[in-house]
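Since the structure comes first, as structure tokens, the remarks are kept for the end.
What follows is calculated from the coordinates using simple rules that are stated; it is not laboratory data. Just so you know, these numbers come straight off a predicted model, no measurement behind them. Please note: Cβ atoms are built from the backbone with ideal geometry, for glycine as well, and neighbour counts cover all protein chains shown.
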Amino acid sequence: MKLFYGQPSPFVRKVMITAHELGLIDRLEIVDGGGTPVAPNQDLAKVNPIRKIPTLVTDDGSVLYDSGVICEYLDSLHGRDKIFPAAGPARFEALRLHALADGLMDTAVQLRYEMTLRPEQYRWDEWIDGQMSRIESTLAGIEASVGTFGDSLTIGTISCGCALGYLDFRYSERDWRPAFPNSGDWYADFSQRDSMLATQPRL
Ligand SMILES: N[C@@H](CCC(=O)N[C@@H](CS)C(=O)NCC(=O)O)C(=O)O
């Protein structure tokens, strides 16, 4: 399987953590998929019209996106405990947490583009403040749920780990831990998993 990849992407990290946890990492061939909204990756554009990473080309040539779909596909390939729980309340809670963390990551990635790609004279402070406020409210959403996480490994907890890790990576000047201490306690343990250590973003 071929994975269009970018080291700093929290969505790619979600797929990489999943592959590590499910024992599938050696089956992924990594290819560079890096690009931006203003400079799309041309190889990626040939297979994914959205032009975003992660994108997976399976062994039979099918193309899968986005990160959640790829993770669910990987979850269908192994005999270990599933990270997408079977139908029922546990499944919908995992999917809800996944959506919550994806909302945080989407906001943080788009804001990063705004701050680094958009020429300074075109930046809009109210929009930036609104996005920062959304990051805070999604953090509050994680804090409200983190007491139920325990040591569970689902698409929801993996995504929350990616979201918090991305804030540490790109927004390190704004430490979220003092305002969200229970999330901080959970993340202190979760971030020590081998899959998290193996996929740490770096500059
Ligand atoms: N919903 C998508 C989001 C993926 C995404 O935003 N990827 C970013 C990198 S973190 C990207 O490819 N950006 C390139 C662009 O926007 O042109 C997913 O879950 O895979």
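Taking only the alpha-carbon positions of the stretch 1-102 and ignoring solvent, what does the Debye formula give for the base-10 log of I(q)/I(0) at q = 0.12, 0.22, 0.25 Å⁻¹?
Each listed q corresponds, in turn, to -0.40, -1.18, -1.40.
Once phi is turned into ³J(HN,Hα) by the Karplus curve 6.51 cos²θ - 1.76 cosθ + 1.60 with θ = phi - 60°, what whole-Hz value does each residue of the stretch 43-56 show in order, with x for glycine and proline?
With the stated coefficients, the stretch 43-56 comes to 5, 5, 4, 5, 10, 10, x, 6, 6, 10, 9, x, 9, 10 Hz.
Please get the size of the charge dipole for the chain, origin at its Cα centre, with Cβ charges of +1 on Lys and Arg and -1 on Asp and Glu, quoted in debye to the nearest 20.
Working: 20 positive and 28 negative charges, 64 e Å.
The dipole magnitude comes to about 300 debye.
Per residue, what volume in Å³ does the Cα convex hull of the stretch 89-193 take up?
Residue-normalised Cα hull volume stands at 98 Å³.
Given H placed on each backbone N at 1.01 Å, which residues far from I30 in sequence or on other chains put an amide H within less than 5 Å of it?
Counting only residues 5 or more places away or on other chains, the set is L3.
Amide H of T55 versus every other amide H placed in the peptide plane: which residues, excluding those fewer than 5 positions away on the same chain, fall under 5 Å?
Close amide H contacts, sequence-distant or interchain: F4.
Apply the membrane-span-like helix rule to the chain: whole DSSP H runs, Cα extent along the own long axis of at least 18 Å, mean Kyte-Doolittle hydropathy at least -1.0. List the helices found.
Numbers: long enough: 89-116 (40 Å, 0.00); 125-145 (30 Å, -0.36); 155-170 (22 Å, 0.89).
Within the chain the helices that satisfy the rule are 89-116, 125-145, 155-170.
When N is the residue count of the chain, what does its C-alpha Rg come to as a fraction of 2.2 N^0.38 Å? Please report the intermediate quantities before stating the final value.
Values: Rg = 16.8 Å, N = 203, 2.2 N^0.38 = 16.6 Å.
Rounded to two decimals, the normalised Rg is 1.02.
What is the packing order of peptides 162-168, 23-29, taking the mean over residues of other C-beta atoms within 10 Å and listing the highest first? Could the numbers behind the result be given before it?
On the way: 162-168: 22.9, 23-29: 13.6.
Listed from highest to lowest mean packing, they are 162-168, 23-29.
Give the relative contact order (percent, whole number) for the stretch 89-193; include only Cα pairs under 8 Å separated by 6+ residues. Present the calculation step by step, with values, prior to reporting the outcome.
Details: 78 pairs, mean separation 41.4, N = 105.
Relative contact order for the stretch 89-193 comes out at 39 percent.
By counting other Cβ atoms within 10 Å of each Cβ, how are W124, W176 ranked from fewest to most?
Values: W124 10, W176 20.
Fewest-to-most Cβ neighbours within 10 Å comes out as W124, W176.
Might you report the magnitude of the Cβ-based charge dipole of the stretch 89-193 about its Cα centre, with Lys and Arg at +1 and Asp and Glu at -1, to the nearest 20 debye? Mind dumping the intermediate values first?
Working: 10 positive and 16 negative charges, 56 e Å.
For this selection, approximately 260 debye.
Pop a pseudo-label 7 angstrom from the Cα along the beta-carbon direction at both D81 and S137 and give the gap in nm to one decimal.
Roughly 3.4 nm, to one decimal.
All other residues with a Cβ under 11 Å from the Cβ of P85 taken together, and with Lys, Arg as +1 and Asp, Glu as -1, what is their net charge?
-1
Fewest first, what order do K2, K52, K46 take by the number of other Cβ atoms within 10 Å? Let's see the in-between values first.
Numbers: K2 17, K52 22, K46 10.
Ascending Cβ contact count within 10 Å gives the list K46, K2, K52.
To the nearest 20 debye, what is the magnitude of the charge dipole of the stretch 4-93 about its Cα centre, counting +1 on the Cβ of each Lys and Arg and -1 on the Cβ of each Asp and Glu?
Working: 9 positive and 12 negative charges, 50 e Å.
In debye, rounded to 20, the stretch 4-93 gives about 240.
Among V38, Y171, V146, pick out the residue whose Cα is farthest towards the positive end of the charge dipole of the chain, where Lys and Arg carry +1 and Asp and Glu carry -1 on C-beta, about the Cα centre.
Farthest towards the positive end: V38.
Counting only C-alpha contacts under 8 Å and six or more residues apart, can you give the relative contact order of the chain as a whole percent? Walk me through the numbers on the way to the answer.
Values: 243 pairs, mean separation 49.7, N = 203.
Relative CO of the chain lands at 24 percent.
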